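The values are calculated or read from the model by the stated rules, or taken from the named source; none is laboratory data. Quick caveat, the model's predicted, so the values are computed rather than measured. FYI the Cβ positions are ideal-geometry reconstructions off the backbone, even for glycines, and counts take in every protein chain you see.
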Amino acid sequence: MKYQSTRRSCPTASLSQAIIDGLAPDGGLYVPAEMPMHDPVVFAGLTRIPDIAHRLLAPFFAGDRLAPMLEEICHDALDFPIPLRHLPDGRTAVLELFHGPTAAFKDVGARFLAACLSRIPEGQGQTILVATSGDTGAAIASAFHARPEIQVVILFPEGGVSQRQQHQLTCWGDNVRSLAVCGTFDDCQRMVKAAFGEPELKRRRRLTSANSISIGRLLPQTVYHAAATLWFSERKGSRPGLIVPTGNLGNALAALWAMRIGFPVGHVGLATNANKVVPEFLESGDYSPHPSVRTLANAMDVGDPSNMERVLHLYGTAPALRRDASALSVSDQTIEREIAAGPERWQSVWCPHTATAIHMRQQQQTPDWIVVATAHPAKFETIVEPLIGAPVPAPASLLALLERPSSFDRIDPTLDALRDCLATG
Ligand SMILES: *Cc1c(COP(=O)(O)O)cnc(C)c1O
C-alpha cells in the first residue's frame, strides 16, 4: 500500500515514511492510494480489538517494513478495553473509547502511533510537536513518556482546557515538555503548522506531527468503528449509524473510512458543539472556516478542522458527503441539559463531548445507532458533577496521573516564541 498526498503534487510514500513525515512534503495530508475492501464475514466471531485490528489493518501495512510487526503493534498499543454497551432503549449502544490511560479516545491513536514510531529506526531522535485542544496532548505524552528516544513538545491554550486536562498535559517531565500558549487552540495549531513550514527548523529538530493529521493515528481509529458495527449487526441484524463527537474530524473520518472499506456502517452523524463549520458546509456546500469559540466540549473547539482536507478528498463535494453523513451543532445549553438528563434517561453519565452525540441520536427517526463516547465524564467533573448532583468517580489511571507534580512554561502565540523554546530544550 502506498500513501499519496491529498494535494497530489509529491511522490507517493510508504506507510513508515508517511508516519515519519506527518504532513506530506507538498503540505497535503497522506491518504491511502487506494481503499482496500473487506468482507465483514471474515471478521465473524472476532471479539478482541487487537485481533480485529490485525486483520483490518493488514492491507494498509502491506509491503511496508512495519508489516511483519503489525500483530505485535496491535497488541502493544490496543491493550485496554473498548466495550460496546447497549442502552436500556434496546436501539442504542455506546462505544466507550475512554478506558485508556488518559481517559479519552485519543489514547488509541496515540498509543498506536508510538508503537509504530518506536519500531522505525528514523523515529529515534525525532521531536513530536503537538497542538492540543485538551486530550491529544495528554494521550501523546502518556504514550511516548515511556519511550525516551523520542521528544515531545505540547502546546495547549492557557485557560482553554479543564483543570484535570491541564494536569494531564503537564505532569510528565523527562522527554515531555509542556507549553501554555497565551491564545486559543487555533493559535496553537497555527504555530505548529508554521514551525513545520520552516525547513531549517524542521530538519534541525527533526520535527514530526502527532496531531489528528497523522496517518498513524487515523488508521487504528477505523478499527473500533468497524468492530462496533460488526458486533451491533451480529446482535441486531441491522446496519447501525455511528454518531461521532467531532472537532478536527479525525474520529469521524475514521468512521467514514470504516464504511468505505466494507463494514456495516449505516450512516455517520457528525455531532459538533457551537463551532459549526461542518454543519454549515453540509448545508451550504461552501467550506468557510471560522475562528473557534470556546464551549463546554472543549476538545471540539475547532474552527478549521484539520481533516476537512481528507474528507473533501474522499467525497469531493457536500452533496456527495450528504449521502453518507449528516451533522448537527449542539449548544452549551443543550449539552448541559443532556448531561443532567443522562442518569435518568440513559442510566449513564456523559462527558460534554459525548453529550453532543447523545443529543443528535435523539433527533434521529431511524432506530439503530451507536453513540461514540469519546471521554470519561470524570475528566470534566467541574462541569458534570453540579449538573447531575453527584460525584463522578475517577478511574484509577486518571487518579494516578493527578497525583504527579505539574510543570509548564508560558509562551506568546507566535512562531518566534516557539522557535526560542525549541532552541533551548
Ligand atoms: C479530540 C476529541 C474529540 C474530537 O475528535 P476529532 O477527531 O478531533 O474530531 C471529541 N471528544 C473528545 C473527548 C476529544 O478528546
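Return only the number of the condition from (1) buried (at least 21 other Cβ atoms within 10 Å of the Cβ); (2) within 16 Å of the ligand (Cβ to nearest atom) that W369 does not satisfy.
Result: W369 passes all but (2).
Select from the stretch 344-354 the residues that are more than 17 Å from the chain's Cα centre (by Cα) and within 17 Å of Q333 (Cα to Cα) and write down the one among them that is surrounded by the most Cβ atoms within 10 Å (Cβ to Cβ).
Result: W350.
If you take the residues in the stretch 3-56 that are crowded, with 21+ Cβ neighbours inside 10 Å and in contact with a Pro (Cβ under 7 Å, 6 or more places away or on another chain), which one is farthest from L129 (Cα to Cα)?
A53
Tell me which residues, restricted to the stretch 120-135, are away from the ligand (no atom under 16 Å from the Cβ) and either of a type in the set (D, E, K, R) or under 21 Å from L97 (Cα atoms) (or both).
Step one: list which residues in the stretch 120-135 are away from the ligand (no atom under 16 Å from the Cβ), which gives 120-129.
E122 - this is the single residue of the stretch 120-135 that is away from the ligand (no atom under 16 Å from the Cβ) and either of a type in the set (D, E, K, R) or under 21 Å from L97 (Cα atoms) (or both).
What are the pairs, 6+ residues apart or on separate chains, where a residue within the stretch 288-316 that is under 19 Å from T6 (Cα atoms) has its Cβ under 7 Å from a residue that is of a type in the set (G, A, S) and within 15 Å of the ligand (Cβ to nearest atom)?
P289/G303; P305/G247; S306/S212; N307/S212; N307/G250
Taking L312 as the residue in question, decide whether it is crowded, with 17+ Cβ neighbours inside 10 Å, on the phi < 0 side of the Ramachandran plot and out of contact with any Cys (no Cβ under 7 Å at 6 or more places or on another chain).
No.
If the requirement is being within 20 Å of P36 (Cβ to Cβ), more than 10 Å from the ligand (Cβ to nearest atom) and in contact (Cβ under 8 Å) with a residue 12 or more places away in the chain, which of these qualifies: L230, L218, L282?
Answer to the check: L230.
(1) at pLDDT below 95; (2) closer than 23 Å to T136 by Cβ: which one isn't true of T374, the others all being true?
Unmet condition: (1).
Out of V392, V384, report the one residue that is within 16 Å of the ligand (Cβ to nearest atom) and buried (at least 21 other Cβ atoms within 10 Å of the Cβ).
Going through V392, V384 in turn, the sole match is V384.
Taking the stretch 87-119 as the search range and keeping residues that are charged (D, E, K, R) and buried (at least 24 other Cβ atoms within 10 Å of the Cβ), which one is nearest to the ligand (Cβ to nearest atom)?
K106
Can you tell me which of G173, G137, G160 is surrounded by fewer than 21 Cβ atoms within 10 Å (Cβ to Cβ) and either touching a strand residue (DSSP E or B) at 6+ places or on another chain (Cβ under 6 Å) or outside any helix (DSSP H, G or I) (or both)?
On the way: G137 fails: surrounded by fewer than 21 Cβ atoms within 10 Å (Cβ to Cβ); G160 fails: surrounded by fewer than 21 Cβ atoms within 10 Å (Cβ to Cβ).
None of the others qualify; the one that does is G173.
Just to be sure I understand, how many residues within the stretch 136-154 are more than 15 Å from the ligand (Cβ to nearest atom) and not β-branched (V, I, T)?
Residues that pass the stated criteria total 7.
Of everything in the stretch 124-152, what is within 15 Å of R217 (Cβ to Cβ) and of a type in the set (D, E, K, R)? Give them in sequence order.
Selection gives D135 alone.
Considering the stretch 233-253 alone, what residues qualify as being among the polar types (S, T, N, Q) and more than 7 Å from the ligand (Cβ to nearest atom)? Break it down stepwise before answering.
The initial filter retains those residues of the stretch 233-253 that are among the polar types (S, T, N, Q), namely 233, 238, 246, 248, 251.
S233, S238 - these are the residues of the stretch 233-253 that are among the polar types (S, T, N, Q) and more than 7 Å from the ligand (Cβ to nearest atom).
Collect the residues in the stretch 294-323 that are at pLDDT 95 or above, away from the ligand (no atom under 12 Å from the Cβ) and under 26 Å from E338 (Cβ atoms), keeping them in residue-number order.
Scanning the stretch 294-323 gives L321, R322.
So the check is Cβ under 8 Å with 6+ separation or different chains; which pairs have a first residue in the stretch 151-164 that's more than 30 Å from Q124 (Cβ to Cβ) and a second one that's among the charged types (D, E, K, R) and surrounded by fewer than 21 Cβ atoms within 10 Å (Cβ to Cβ)?
So the pair list comes out as P157/D187; E158/R410; G160/R294; R164/E381.
Quick check on V277: is it without any contact (Cβ under 8 Å) to a residue 40 or more places away in the chain, within 14 Å of the ligand (Cβ to nearest atom) and surrounded by fewer than 24 Cβ atoms within 10 Å (Cβ to Cβ)?
Criteria met by V277.
Starting from the stretch 245-269, keep only residues that are closer than 12 Å to L219 by Cα and in contact (Cβ under 8 Å) with a residue 40 or more places away in the chain, then list their pairs with residues that are away from the ligand (no atom under 12 Å from the Cβ) and among the hydroxyl-bearing types (S, T, Y) whose Cβ atoms are within a distance under 6 Å, requiring at least 6 positions of separation or different chains.
The qualifying pairs are W257/T222.
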